[in-house]
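The next block holds one structure in the form of structure tokens; read it before the comments.
The values are calculated or read from the model by the stated rules, or taken from the named source; none is laboratory data. These numbers come from a predicted model, not from an experiment. Methodologically, a virtual Cβ is constructed for each residue, glycine included, from the backbone with ideal geometry; neighbour enumeration extends over all protein chains shown.
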Amino acid sequence: MTLEVISKEMRAVGFDSPGGPDVLTERMMDIPAPGEGDVLIRVLAAGVNRPDALQRAGKYPPPPGASPLPGLEVSGIVVQVGRKVAPDLMGQKVCALANGGGYAEYVVVPAGQCLPVPDGYDMVEAAALPETLFTVWTNLFERAYAVEGDTVLVHGGTSGIGTMAISLCRLFGVKIIVTCGSDDKCKAARDWGATHAINYRTQDFVAEVRELTEGRRCQAVLDMVGGDYVQRNLRCLADDGRHVSIAVLGGSRAEISIAEVMGRRLTLTGSTLRPRSATFKALVADEISAHVWPFVKSGQLRPAMDRIYPLEQAAAAHARMEAGDHFGKIVLKVGEEG
Ligand SMILES: NC(=O)c1ccc[n+]([C@@H]2O[C@H](COP(=O)([O-])OP(=O)(O)OC[C@H]3O[C@@H](n4cnc5c(N)ncnc54)[C@H](OP(=O)(O)O)[C@@H]3O)[C@@H](O)[C@H]2O)c1
């Protein structure tokens, strides 16, 4: 079922061989065809995420069957639906977790990975929600069981992930301590809603967490650094605390005290979202729809926006992300609503 006349080709941004931001170039490609459980979205905006930069650098290849183009989240209009998809999705404004391919005028996404964008919600902002929302929800609230009254520690407080974690913690009554690499970033994180922000370059975050919590420490740590942070993170956890790894920016190997894990009943876990099945991602979308979407509808949950670039300037967007000066989300503007 098709809504509008769709040409055969689309503009997209991809790369031929891995490298720095400049390997990203514009190209014409065939518009992908939706399978029976998919929708085709005419993309209005695409969020930029660190995993896109890792993919471009050759360090995070797309899973089998996924588009070779970067782009894990989009907003746009459903213009075609597969045979098994409810026809009323047609023409809807949605944001979606994509399995890749978001840096293009059209992308195919499993129908279950779409969420409706409420009237009046900015479509560029909507594109900046899914990847960090799905990641923080599944890791901090499901794997680490963060609940009202808890205190959690999240590294990268000004990152896309960190700013989403701050927003969700505020909405769900969780105190959040973040770490950042400068005093300016700490101020920005506090202004965004972090309960406390620690400059990890000038302060020992383990000692600070103890002090800020009056010795009680945290119920959970959301970690994107790995390496020698892991043992230090464990020391920030209260007994029965949970440690969730979502990235290893500082190294994938860690030496930890198993005696401490046993003695204080700590849990170490982690996950990567991209390779999970469409069934799993649809389940997460359902949970987000039930528990988080009311805050999107009321306008209480909006992403922290850094800069917006046109699709053809994706290389500049990646360069900005890798320079590390951004606060929140970088987004590519792809199309117009009308
Ligand atoms: N597992 C998953 O499913 C999943 C899904 C999405 C994203 N991720 C990961 O989550 C991380 C954040 O993603 P994003 O898109 O939000 O990226 P981003 O906005 O580029 O943020 C990266 C952050 O990492 C911090 N950082 C980098 N190197 C560090 C180091 N060695 N020590 C401490 N902090 C460091 C930076 O903060 P400072 O400048 O303050 O140091 C920056 O805020 C990425 O590593 C990404 O791959 C994982």
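Here V79 meets the list (1) assigned to a strand (DSSP E or B); (2) without any contact (Cβ under 8 Å) to a residue 24 or more places away in the chain; (3) of a type outside the set (G, A, S) almost entirely, failing just condition (2).
Reported count of residues in segment 165-202, each being of a type in the set (D, E) and either farther than 17 Å from D306 by Cβ or away from the ligand (no atom under 13 Å from the Cβ) (or both), is 2.
Only one entry of V85, V152 meets the criterion of being assigned by TED's automatic domain parsing to the domain that holds A314 and away from the ligand (no atom under 12 Å from the Cβ), and that entry is V85. The set of residues from segment 322-338 being aliphatic (A, V, I, L, M) and touching a helix residue (DSSP H, G or I) at 6+ places or on another chain (Cβ under 6 Å) comprises I330, V331, L332, V334.
If the condition is being surrounded by fewer than 17 Cβ atoms within 10 Å (Cβ to Cβ), without any contact (Cβ under 8 Å) to a residue 60 or more places away in the chain and in contact with a strand residue (DSSP E or B) (Cβ under 9 Å, 6 or more places away or on another chain), then segment 202-217 contributes Q203, D204.
Consider segment 118-133. How many of its residues are under 16 Å from G47 (Cβ atoms) and surrounded by fewer than 24 Cβ atoms within 10 Å (Cβ to Cβ)? Outline the logic, then answer.
Within segment 118-133, the first condition is being under 16 Å from G47 (Cβ atoms), and the residues that meet it are 121-133.
Next cut, surrounded by fewer than 24 Cβ atoms within 10 Å (Cβ to Cβ) only: 121-125.
Of the residues in segment 118-133, 5 are under 16 Å from G47 (Cβ atoms) and surrounded by fewer than 24 Cβ atoms within 10 Å (Cβ to Cβ).
The set of residues in segment 299-323 being hydrophobic (A, V, I, L, M, F, W, C) and in a loop (DSSP other than H, G, I, E, B) consists of L301, A304.
Considering P70, P62, which residue is in contact with a helix residue (DSSP H, G or I) (Cβ under 8 Å, 6 or more places away or on another chain), more than 20 Å from I6 (Cα to Cα) and at pLDDT below 95? If you could, list the steps in order and put the result at the bottom.
Details: P70 fails: at pLDDT below 95.
The conditions single out P62.
When V296, V261 are screened for being in the same structural domain as D191 (by TED's automatic domain parsing), in a helix (DSSP H, G or I), away from the ligand (no atom under 11 Å from the Cβ) and in contact (Cβ under 8 Å) with a residue 12 or more places away in the chain, only V261 passes. For segment 299-318, the tally of residues that are within 15 Å of the ligand (Cβ to nearest atom) and more than 26 Å from Y106 (Cβ to Cβ) stands at 1. When segment 5-52 is filtered for residues that are of a type in the set (D, E), more than 16 Å from the ligand (Cβ to nearest atom) and closer than 22 Å to A127 by Cβ, the ones remaining, listed by number, are E26, D38. Do we have any residue at all in segment 239-257 that's farther than 22 Å from P51 by Cβ and within 16 Å of the ligand (Cβ to nearest atom)? Looking for residues that are farther than 22 Å from P51 by Cβ and within 16 Å of the ligand (Cβ to nearest atom), one finds at least one in segment 239-257, hence yes.
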